[in-house]
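For reference, the structure discussed in these notes is given below.
The values are calculated or read from the model by the stated rules, or taken from the named source; none is laboratory data. What you are looking at is a predicted structure, and each value in this text was computed from that prediction instead of being measured. Cβ atoms come from the backbone with ideal geometry, glycine included; neighbour counts cover every protein chain shown. All accessible areas refer to the heavy atoms of the entire protein, side chains included, with ligands and DNA or RNA removed. Shrake-Rupley method; radii C 1.70, N 1.55, O 1.52, S 1.80 Å.
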Amino acid sequence: MRITRELENQYHKLDSSLWFRPTLIALGSAILAFATVEFDRVFDIDRVFFLRAGIDDARAILSSVTSSMLTVTTVTFSIIMVALVLASQQFSPRIIRNVMRDTPSQYVLGTFIGTFIYSLLVLGQINDQAALIFVPILSLATSILLTLLSIVAFIYFVHHIAETIQASVLIARAAERTIDVLDRRFPETLGHAMEHIPAPPTPSTPSTTIHNPKGGYIQAIDPVPLLALAQRFDVVVYMDRAVGDFVPTGNPLLHMFPQRQLDRDAIAEFQDVFEFGLERTLFDDVLFGIRQLVDIALKAISPAVNDPSTAINAIDLLSDVLAQAIRRPEQSPCRYDEFDQLRVVANTITFRQMLGTAINQIRQYAKSEIAVTARLLVLLNEVALASDDQERRAMLWEQACIITRGADQGISDPYDRAYINEHLLTLANTLAISAEQRIMLTVG
């Protein structure tokens, strides 16, 4: 991949790790320790306004700080691990990366580790030899201030982690990150689109196929080198895969017309356009963000959890994601270069795919869940209010038809059927559905 795109993807992975920011803070603390100790040596500071200590006092204070910070760090790690286990078991394993990506938790953990390393390094600089007695008072005072900061950080961390593992917070953050991806998903930055879309070549036309060198999920596709390669070889690239797809080793990634003879280096350049990993990420994969919310809803309505309120919360946030998506125009798969030459026919993510990913599995598992089924109809109504596009509104009514057929099978009580029909009628009014179609779809 292009170096900037590669760095963006790698930073996204680092941002989702527990070690990146704490490691940077730890390195900064080590540098600060050597700097303050050197400052003490040069200026021979023997007291500060709130501290005056001898060698034994300094060692006792620093020893207490290092041991206590090590204990607090261990407890913090344990709390984070418990939060990860709870998020995985109660909501979805796919949500773990969102918890790990929690920036305040990373900074708090880094504060504890940094205070420990700082105090340990300063402790090693105390010298009690008769001719070279040295007590770094300024460094000792800094260690005490860092300890006070750590106490405040720990109090904040306990409150923050209790808030973070709440279902509503996890669901809202997953939805926010999904909406962020909507604005920068592939192939929005790949060349430009045109109204004219040429007919694809016939299957009998000779082509060159690029295969995947190593199996994995497509985490990102770099548009700049892809367009440059298509121009260099004067071809039209037809992408067989989209971001989020799993591609086994040796299977096709793309093919190009007309046929070209490519050497190993050229094939490697085309393969390097794709960034692969062992799991899907939210770097460019909007469907994975929707999948996270769907997984939370499915887990909530499972017999083991039986928490329809959490499922409804996830559906509400799905309605926000879909309402944002329906307002955006459909991406054109045909991408042209600056000379208006067709260069890439991309495998784009459509609104129909997003709608299906958001609703299909939930409605399949919620046929007998009255509250969840009704909320799905509310979701469709909210999304319908966000757009006047008749083609997309027809997709919403299609989903309503499927939901209604499932409810007809899974809900038998007349009162519950009437409740579902009320929501169906509201959606029909929003979509301006004819009276004949409404009667045909009434539950019961």
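Laid out as a table, the results:
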read-out: Odd one out for H255, checked against (1) within 28 Å of the chain's Cα centre (by Cα); (2) over 23 Å from V383 (Cα atoms); value: (1)
read-out: Residues being crowded, with 17+ Cβ neighbours inside 10 Å and of a type outside the set (F, W, Y) - total across the range 334-351; value: 10
read-out: Hits in the range 253-270 (condition: open to solvent by 20 Å² or more (accessible area, probe 1.4 Å) and out of contact with any strand residue (DSSP E or B) (no Cβ under 7 Å at 6 or more places or on another chain)); value: P258, Q261, D263, R264, D265, A268, E269
read-out: Leading residue by the ranking (nearest to Q353 (Cα to Cα)) among those in the range 271-300 that are open to solvent by 20 Å² or more (accessible area, probe 1.4 Å) and aliphatic (A, V, I, L, M); value: L287
read-out: Test: N98 is modelled with pLDDT under 85, more than 14 Å from T36 (Cα to Cα) and open to solvent by less than 30 Å² (accessible area, probe 1.4 Å); value: yes
read-out: Qualifying residue in the range 222-229 (condition: open to solvent by less than 30 Å² (accessible area, probe 1.4 Å), among the charged types (D, E, K, R) and not in a helix (DSSP H, G or I)); value: yes
read-out: Test: residue in the range 303-316 that is more than 17 Å from A374 (Cα to Cα), in a loop (DSSP other than H, G, I, E, B), open to solvent by 50 Å² or more (accessible area, probe 1.4 Å) and touching a Ser or Thr at 6+ places or on another chain (Cβ under 7 Å); value: no
read-out: Residue check, A323 under 25 Å from the mean Cα position of the chain (by Cα), of a type outside the set (S, T, N, Q), at pLDDT 90 or above and surrounded by fewer than 21 Cβ atoms within 10 Å (Cβ to Cβ); value: yes
read-out: Of all residues making up the range 113-168, the number that are part of a loop (DSSP other than H, G, I, E, B) and under 15 Å from S63 (Cβ atoms); value: 6
read-out: Residue within the range 352-373 that is open to solvent by less than 30 Å² (accessible area, probe 1.4 Å), small (G, A, S) and in contact with a Ser or Thr (Cβ under 8 Å, 6 or more places away or on another chain) present; value: yes
read-out: Matching residues, the range 90-142, being closer than 30 Å to A175 by Cα and acidic (D, E); value: D102
read-out: Candidates Q353, Q324 - the one that is among the polar types (S, T, N, Q), assigned to a helix (DSSP H, G or I) and under 30 Å from A230 (Cβ atoms); value: Q353
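Results for (1) open to solvent by 20 Å² or more (accessible area, probe 1.4 Å); (2) under 30 Å from I349 (Cα atoms); (3) over 29 Å from the mean Cα position of the chain (by Cα), shown as yes or no for each residue.
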site: L138; (1), (2), (3): yes, no, yes
site: Q166; (1), (2), (3): yes, no, no
site: D180; (1), (2), (3): yes, yes, no
site: R184; (1), (2), (3): yes, yes, no
